[in-house]
Amino acid sequence: MAIEEHIISLLVNNQPGVLSRIAGVFSSRGYNIRSLCVAETTNPEVSRITLTSRAESDFTEKIKKQLDKLVDVISVTDFTGAPAVQRELMLISLRLTPENRKEVLRAIDLFGCRVVAMSEECLIMEITANKDKTAAILKYFEPFGVVEMNRTGAIAVFRQAREG
Amino acid sequence: MDTIGADIVLKTLAEEGVDVIFGYPGANTLPLNDRLADSPIRHYLMRHEQAAAHAADGYARATGKVGVCLSTSGPGATNMVTGIATAYMDSTPMVAITAQVNSDLWGRDAFQETDIIGITMPITKHSFMVRDVNQIASSLRQAFQLASTGRPGPVLVDIPKDILSARCGDQPKKAPTAATKRIANPEQIERIAQALNRSERPVLIIGGGVKLGDACVQMSELVQRAQVPFVTTMMGIGSVSSANGFNLGFIGTHGNELANRMIHQSDFILALGARFTERSTSVISEFAPLATVAQIDIDPTSIGKNIKVDLPFVGDIQEALAALIPLIVPRERDAWLERIRTDRQTLEEKLIDGGCGQAGTLIRKIQAAMPRETIVVPDVGLNQIWTVRTWQSHSPRSLLTSGGMGTMGFSVPAAIGARVGAPDRDVVVICGDGGFYMNIQELATISYYRLPIKIVVINNGHLGMIRQMQDLFYDARFTTSDLGDRVDLVAVARGFGIPAERVAVDEDPAEAIARMGSAEGPYMVEAMVDPDNYVYPIIPPGASNVEMISGK
């Protein structure tokens, strides 16, 4: 079976230990969680967890059934291949030199990134994009000397209102 | 006396219909132990927390009610882990209550502190850490609800000592819960019925879920109406009476050759409450290669977990069978039934003594000496396979065995729970010397409560199943499997206050078994057998279900 990336979104009870149970469903079956984002929803008793994992194509069906069994999981949605807007936020701290300065600033502009802090030797930029684009941008800037990089992992929302 | 958390625990347990718990006290359970004096609930003091969990498990298996065990924090709680895992693997409804250190000490490595919720997460259906005295009742009620519904299993409730001791007002009464009925998916059942009606060589696979779902009567009805042969998993033994000629035995590594062969030749299998573990199927790609696979299970994760399923149905087994049975058109399958009859005859002729040798004869004599309604509790190893292959189960709750987990030491404490739960039935333990050692301290519990449990230790001086595998697959190099012959088990049993006697290898066990059967209280028979008494045929590791071997 082909290995592909899956984006899964869960609504869960906002309680201690819930994340640990969800992580256990993945780890006990040998799946690695590649990115993870947890935050409260508009209802403070409910949190949304968005995570990505690489696995075979029947993964979602199997893992979804296991996640559905957890008492604290309210719903499980698979965004893989679905019509949805997907974004992640990435911060890159880049070394600045007199030689690269001009090219870096031009590229930031072209890619639609935003400079959030800047000094003589260093610049921090912010990128919000889907994962393919953030990956491409990171790859482009790597030769200039990335001091530090941090990213949130994917979150997603369906394009159209759905039932349930 | 003021009402405290411990009173709420006991009151809620009583409301849930609990009349007995199996436990072992510690400093952190003391508020509970103290208030037990004023509660109608009986507490059986075991001699080890592992045994308390197995006893609760045995109680649940014998009665169908939720079994309850209680331990203190730290080592008390970790000792229960094996018992909880055993219940989890066999889907036994159980509520395990652990006391925890005072909540202001959490995370400070306090004396006897351990994160038991974290430790048991993969082996419980769910767990509750009670953080407030006002949550005790609701947490326990949810625990009972979760343990006993859907696919049953153990639920753990961890309660800190300060919360057990905290003063509180009366708790709100249990709100009546509306019964949630799953709407059956009728087209799926219709499709299963059509496939079964069309099939030329069908076989049903009856798993432990049929007993758990209390659907044995409907199961027999399906067999009778469809006139279809069936196999069981080890956990499904006894669900349907063997008497009707459709029973092919149980499948798997140590199962019956006829069962394994007929599954291999079948063109349609319908599994009910079975999850196709590798012990049942061996190499999955070679299991039932010609068959369309239909599966009915209450647990959606059990469907298609191990095998590709063509016709699934998720739902209550009783409801599923009630919908399925009227759709079955009885038809003649003479060629198939004839093939089964011929194979049965050939295979039975081939097998001397049912493949269990001297031990098989012993077990047959034990059953003959005991009343029909006796509960038999085998341990794990050769003794288990000898027992499940030899003992004729007449009713669903009469053979209690650790199937999924294969926990040595299960039998003696589980028998205690079974006897406490079913005081009108005789209980006989059949275990090996290895498993007997693993919870031997429970002889003290049996003796203390004068529980009339009969124990047969089949002593071959070895870890017999390990020895057989070493003999067959490791060039007969018998390392680390010799238990020796220097322990006088009869003296050990007598030391615990239990009458006992020994039967030599070449002696007829009939008289000893008769004395055991007629003894008023507990009794132990140590039956010596030849260490070369194995079980045949078996499936070698890595082979398929039709490659059973009958010797070296």
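Which percent of the accessible heavy-atom area of the protein assembly as shown goes to carbon and sulfur, probe 1.4 angstrom?
Carbon-and-sulfur percentage of accessible area, whole number: 52.
B:ARG450 to B:HIS394: extension gain in nm, 0.36 nm per residue of separation minus the Cα-Cα distance?
17.4 nm
Can you give the angle from 0 to 90° between the axis of helix A:18-27 and the longest principal axis of chain A, with both taken from C-alpha atoms, to the nearest 10?
Roughly 90 degrees between the two axes.
For segment B:432-517, which GluC sites (Glu not before Pro) are both in a DSSP coil and crowded by at most 13 other Cβ atoms within 10 Å?
When the GluC sites (Glu not before Pro) of segment B:432-517 are filtered for loop state and at most 13 Cβ neighbours within 10 Å, B:GLU507 remain.
Could you work out how far apart the two model spin labels at A:ASP78 and B:ALA514 are, taking each label as a point 7 Å from the Cα in the direction of the beta carbon, and quote it in nm?
Output for this residue pair reads 6.6 nm.
Could you compute the FRET efficiency for B:LEU337 and B:PHE111, with r as their C-beta to C-beta distance and R0 at 56 Å, rounded to 0.05?
Given R0 = 56 Å and the Cβ-Cβ separation, E is 0.25.
Taking the alpha-carbon centroid of each part, what is the distance from segment B:421-498 to segment B:1-65 in angstrom?
28 Å
Estimate the FRET efficiency between A:GLU5 and A:ARG101 by the formula 1/(1 + (r/R0)^6), using the beta-carbon distance for r and 30 Å for R0, to the nearest 0.05.
Once rounded, the FRET efficiency stands at 0.25.
Probe radius 1.4 Å, ligands and nucleic acids left out: which of B:GLU338, B:GLU113, B:GLU526, A:GLU40 has the largest accessible area, and how do the rest follow?
My answer, sorted largest first, is A:GLU40, B:GLU338, B:GLU113, B:GLU526.
In a shell of Cβ-Cβ distance under 9 Å around B:ILE317, excluding B:ILE317 itself, what net charge do Lys and Arg (+1) and Asp and Glu (-1) give?
Taking every other residue near B:ILE317 into account, the sum is -4.
How large is Rg/Rh for segment B:1-158, to two decimals, with Cα atoms and a Kirkwood Rh? Write down the numbers at each step before the final one.
Numbers: Rg = 14.0 Å, Rh = 15.1 Å.
Checking Rg against Rh, the ratio lands at 0.93.
Around B:LEU164, under 10 Å between beta carbons, what's the net of Lys plus Arg minus Asp minus Glu among the other residues?
Numbers: positive: B:ARG35, B:LYS161; negative: B:ASP7, B:ASP34, B:ASP162.
With Lys, Arg at +1 and Asp, Glu at -1, the neighbours total -1.
Which of the listed residues, B:PHE436, A:HIS6, B:LEU248, is farthest toward the dipole's positive end in the protein assembly as shown, when Lys, Arg count +1 and Asp, Glu count -1 at the beta-carbon?
So the residue furthest toward the plus end is A:HIS6.
So for chain B: antiparallel DSSP bridges make up what percent, rounded to the nearest 5?
The antiparallel fraction comes to roughly 5 percent.
Please sort B:265-274, B:278-287, A:78-87 by packing, taking for each peptide the average over its residues of neighbouring beta carbons within 10 angstrom, highest first.
B:265-274, B:278-287, A:78-87
List the lysines whose alpha-carbon lies under 25 Å from that of A:LYS133, not counting same-chain residues fewer than 8 positions away?
List returned: A:LYS102.
For Cα pairs less than 8 Å apart in space and 6+ apart in sequence, what is the mean separation divided by the residue count of segment B:1-83, i.e. the relative contact order in percent?
Normalised by residue count, the contact order of segment B:1-83 is 34 percent.
For Cα pairs less than 8 Å apart in space and 6+ apart in sequence, what is the mean separation divided by the residue count of segment A:53-164, i.e. the relative contact order in percent?
36 percent.
What FRET efficiency, computed as 1/(1 + (r/R0)^6) with R0 = 60 Å and r the Cβ-Cβ distance, is obtained for B:THR149 and A:SER119, rounded to the nearest 0.05?
That pair, B:THR149 with A:SER119, gives E of 0.45.
If I model a spin label at B:GLU349 and A:ASN130 as a point 7 Å from the Cα along the Cα→Cβ vector, what separation in nanometres do I get?
7.0 nm
If contacts are Cα pairs under 8 angstrom and at least 6 residues apart, what is the relative contact order of chain B in percent? Numbers along the way, then the final one.
Numbers: 1197 pairs, mean separation 76.5, N = 552.
Computed value for chain B: 14 percent relative contact order.
Could you report the accessible area of B:MET438 in Å², rounded to 10, computed with a 1.4 Å probe on the protein chains as they sit in the structure?
100 Å²
Enter the accessible area per residue of segment B:334-378 (Å², integer; probe 1.4 Å; all protein chains in place).
In whole numbers, segment B:334-378 has 55 Å² accessible per residue.
Would you compute, from DSSP H runs of 4+ residues alone, the mean residue ellipticity of chain B at 222 nm, taking -39500 (n - 2.57) per run and dividing by the full residue count, rounded to the nearest 500?
-10500 deg cm²/dmol
When the helix-only estimate is applied to chain A (DSSP H runs of n ≥ 4, each -39,500 (n - 2.57), divided by the residue count), what is the mean residue ellipticity at 222 nm, nearest 500 deg cm²/dmol?
Working: 4 runs with 47 residues, N = 164.
So the calculated ellipticity at 222 nm is -9000 deg cm²/dmol.
For chain B, build the convex hull from the C-alpha positions and give me its volume per residue in Å³.
Here the figure is 151 Å³ per residue.
Total accessible area buried between chains B and A, 1.4 Å probe, in Å² to the nearest 100?
1000 Å²
Work out, step by step, the length gained on full extension between A:LEU138 and A:GLU45: first 0.36 nm times the residue separation, then minus their alpha carbon distance; give nm to one decimal.
Numbers: separation 93, 0.36 × 93 = 33.48 nm, distance 3.62 nm.
Value of the extension gain: 29.9 nm.
Can you give me the distance in nm between label points at A:ARG87 and B:ASP2, each placed 7 Å from the Cα along the Cα-to-Cβ direction?
Result: 5.4 nm between the two label points.
Would you kindly compute the Cα radius of gyration of the protein assembly as shown and its largest Cα-Cα separation (Dmax), both in Å?
29.5, 101
Any residues in segment A:12-30 that have 50 Å² or more less accessible area with all protein chains than in their chain alone, probe 1.4 Å, and which are they?
Relative to the lone chain, where solvent access is computed with a 1.4 Å probe, segment A:12-30 loses at least 50 Å² at A:ARG21.
Could you give the accessible area per residue of chain A, probe 1.4 Å, as a whole number in Å²?
Dividing the accessible area of chain A by its residue count gives 58 Å².
Pulled fully out, how much extra length does the chain show between B:SER103 and B:GLU547, if you take 0.36 nm times their separation in residues and subtract their Cα-Cα distance?
Net length gain for the segment: 154.1 nm.
What ranking do B:54-60, A:99-105, A:21-27, B:426-432 get when scored by the average of other Cβ atoms within 10 Å per residue, highest first?
On the way: B:54-60: 32.7, A:99-105: 13.3, A:21-27: 17.7, B:426-432: 27.4.
Ranking the peptides B:54-60, A:99-105, A:21-27, B:426-432 by packing returns B:54-60, B:426-432, A:21-27, A:99-105.
Rg(Cα) of segment B:315-375 divided by 2.2 N^0.38 Å?
So segment B:315-375 has a normalised radius of gyration of 1.81.
Of all DSSP beta bridges in the protein assembly as shown, what percent run antiparallel (nearest 5)?
45 percent
The values are calculated or read from the model by the stated rules, or taken from the named source; none is laboratory data. Keep in mind it's a predicted model, so treat the numbers as computed, not measured. Here Cβ is always computed from backbone atoms with ideal geometry, including for glycine, and neighbour counts include all displayed protein chains. What goes into the accessible areas is simple: the full protein's heavy atoms, side chains included, and nothing from ligands, DNA or RNA. Shrake-Rupley method; radii C 1.70, N 1.55, O 1.52, S 1.80 Å.
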